[in-house]
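Notes for the one structure printed next.
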Amino acid sequence: MQNKVILIAVVFFVLSVFIFFVMNKSEDKNELEDFTSISSSELEVMLEDKDFVFIDVHTPEQRHVPGTDYFISYNDTDSIVSVVENKNTKVVLYCRSGSMSKIAAQKLADMGYTNVYELTGGLHDWNSEGRETLPEGSVPVL
C-alpha cells in the first residue's frame, strides 16, 4: 500500500512539473509576440476606414496592396521611426508570405510600439481571393 502512495505521489509530481513547464512555454511565446496578426479579410475591412500607417516590408520589393504608404525592407525596420514617430500609432505590416512581417512586427514591438499588426499569409493570402494589387515602384521607398 505504501508503494502505491509513493508511486501516485511521484506521478503527481512529474505531471505537475510537466504542466508547469508547458504553461511557462505558452506564456513565453505570448511575451515574444507583442503584435496582432490579422487576416486579409480583416485588413480589407480596416482599409475601408484606414487609420493606420501601412508598410510593405518584403525584400525585394514586390507588388503592393492598395493603400500601402511605404515600402521599407524588413531588415531596415529601424527606419520606420522616421515615418512613425509616435509609438502608439497603429502600424500594419505585410510581406509576401508573412514571415518577414512577423520579424518586423516583433522588432517594432521590442522598440516599444504598442499598436502593431501584421498580415498573416502576406500578399499570397491577399491575392488568394483575387484582390487587386499595385505594381512595384508605386509606393514611396525608404
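Quick notes
- In region 106-128, the residues that are buried (at least 19 other Cβ atoms within 10 Å of the Cβ) and of a type in the set (A, V, I, L, M, F, W, C) reach residues that are part of a helix (DSSP H, G or I) and modelled with pLDDT under 95 with C-beta atoms within less than 7 angstrom, at least six apart or across chains, in these pairs: 108/77; 108/80.
- Filtering region 117-130 to residues that are within 17 Å of residue 98 (Cα to Cα) and of a type outside the set (A, V, I, L, M, F, W, C) leaves 117, 118, 120, 121, 122, 124, 125, 127, 128, 129.
- Residue satisfying all of: in region 64-79; modelled with pLDDT of 95 or more and in contact with a helix residue (DSSP H, G or I) (Cβ under 7 Å, 6 or more places away or on another chain); surrounded by the most Cβ atoms within 10 Å (Cβ to Cβ) among these: 72
- Where a residue in region 66-79 is without any contact (Cβ under 8 Å) to a residue 40 or more places away in the chain and its partner, wherever it lies, is polar (S, T, N, Q) and surrounded by fewer than 19 Cβ atoms within 10 Å (Cβ to Cβ), with Cβ under 9 Å and at least six apart: 73/59; 73/79; 74/59; 74/99; 75/59
- Condition met for residue 40 (within 13 Å of residue 117 (Cβ to Cβ) and either among the polar types (S, T, N, Q) or more than 13 Å from the chain's Cα centre (by Cα) (or both)): yes
- Condition broken by residue 101, with the remaining ones in (1) free of Cβ contacts under 8 Å to residues at least 24 places away in the same chain; (2) in contact with an Asp or Glu (Cβ under 8 Å, 6 or more places away or on another chain); (3) hydroxyl-bearing (Ser, Thr, Tyr) satisfied: (1)
The values are calculated or read from the model by the stated rules, or taken from the named source; none is laboratory data. This is a predicted model, so every value here is computed, not measured. As a convention, Cβ positions derive from the backbone with ideal geometry for all residues, glycine included, and neighbour counts pool all protein chains shown.
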